[in-house]
1. Straight-line reach from LYS114: which aspartates and glutamates have Cα under 19 Å away, leaving out those fewer than 8 places along the same chain?
2. Can you give the Rg/Rh ratio of segment 8-123, where Rg is from the C-alpha atoms and Rh is the Kirkwood radius?
3. How long is segment 150-228 along each principal axis, judged by its Cα atoms, biggest number first, in Å?
4. Suppose a student asked you for the relative contact order of segment 128-223, using Cα pairs under 8 Å spaced at least 6 residues apart; what percent would you report?
5. Give me the percent of Cα-Cα pairs in the chain that sit more than 29 Å apart, rounded to a whole number.
6. In vacuo Debye scattering of segment 270-373, one point per C-alpha: log10 I(q)/I(0) at q = 0.10, 0.11, 0.17 Å⁻¹?
7. Nothing charged except the Cβ atoms of Lys and Arg (+1) and of Asp and Glu (-1): what's the magnitude of the dipole of segment 8-123 about its Cα centre? Round to the nearest 20 debye.
8. Show me the ranking of peptides 85-97, 116-128, 244-256 by mean Cβ neighbours inside 10 Å, starting with the highest.
Amino acid sequence: MTDISASLGQLGISEEQVDLLHVATEFCRDKSPVEDVRKLIETDRGYDEKVWSEIAELGWLGIAVPEEFGGSGLGVGEIVPIAEQMGRALMATPFIPATVAGQLLAKAGTERQKEEVLPALAAGERFATTAFGEPGDDMAALGENEAGGFLVSGTTRLVEYAADADLIILAFSHGGSRQLALVERSALPGEALRREAIIDDTRRAYELRLDTFEVAGDAVLDPDKVEEALAHADMVGALLYAADMVGGTFRVVDYTADYLRTRKQFEKVIGSFQALKHPLVDAFIGHERARSHLYAAAHSFGDQGRGEVAVRMAKAQGEKAYAYAADRAIQFHGGFGFTYDCDAGLHRRRAIWNATRYGDARAQKRRLAELLF
């Protein structure tokens, strides 16, 4: 296969993205060999704190954070090459949820919240995650106190890396509208978090259950900016998970091609058989199609109307490509492909998890139909 950075100019990728792609490719390859990924799977945390610190030192957590709050002031599209290479290496980090949380705070935080918290998030001194679901699935505020705070009760599931985050941006409903609050994880009751079993062993997720938890008034984000911020966060999450899937697809195709070039059956290399060769070509074409959609979405991110269409197309295409490539990889490896020792299984489970985040292909297509017709 050609190198993943080939023909970048044809995709309209910026110089910043090209530079980040080269750095991220080398970093993720060196810091996330599959042997290390498998070791991290057996740990409670699920990621390497040292590698996370190195990611922070590279400035990746502040790429799309405004300069006045300690970031680089670049666009969300510049983060795509990093997420792509993390997917290629099956890297286990809270990078995507932390990035989404930072964007949510940048969009809806009060000036005081942004001044106090965003620089620490951009520098990697602290990290935040998000606890919100679909509209209507949020926790509920049972009442409002004199200081403008709320008593919040309810359950939010699949909160990524909640046990290790310093801060959680919590969504809840009040008076028919959605609200967001920046909550210190250490302030939660001891029994509030419960680790959930998820299909992707390279990720961690928790159920957050609260019962009349007091949210201070100064922890509440700007209510006038919440809906716009949530819509933005939805697009950021969809784009970055699409990038993760595109990177994973490349790795699966490459991994399977290597196997087909070396495994022999009936005294022939099995890659010479059309029944295996043609589906692998289809998987490669799927990767190229998904990657084109991905960088088109990165380029147009934030454009009114056009940007959302591009992101939703990229998410749907990434899911399709990753699922197909991983399925073929499992089948082509024969009996070994169905064992835990085969890397194809790790990719298939990651593909399933990624598909559920910020809307699967079916949900994306429904929204695309509303936007386009």
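Any read-out appearing in this document is the output of simple, stated calculations on the displayed coordinates, not a laboratory observation. Since the structure is predicted, the reported quantities are computational estimates derived from the model, not experimental observations. Heads up, the Cβs are rebuilt from the backbone with ideal geometry, glycines too, and the neighbour counts pull from every protein chain shown.
1. Cα-Cα hits under 19 Å: GLU67, GLU68, GLU125, ASP166, GLU184, ASP218, ASP222, ASP224, GLU227, GLU228.
2. Working: Rg = 14.9 Å, Rh = 14.9 Å.
In segment 8-123, Rg relative to Rh is 1.00.
3. Result, largest extent first: 38, 28, 21 Å.
4. Details: 216 pairs, mean separation 33.2, N = 96.
Relative contact order here is 35 percent.
5. On the way: 28603 of 69378 pairs.
When every Cα pair of the chain is considered, 41 percent fall beyond 29 Å.
6. So the normalised log intensities are -0.34, -0.41, -0.82.
7. Details: 10 positive and 20 negative charges, 75 e Å.
That gives segment 8-123 a dipole magnitude of about 360 debye.
8. Details: 85-97: 25.3, 116-128: 19.7, 244-256: 26.8.
Top of the packing list down: 244-256, 85-97, 116-128.
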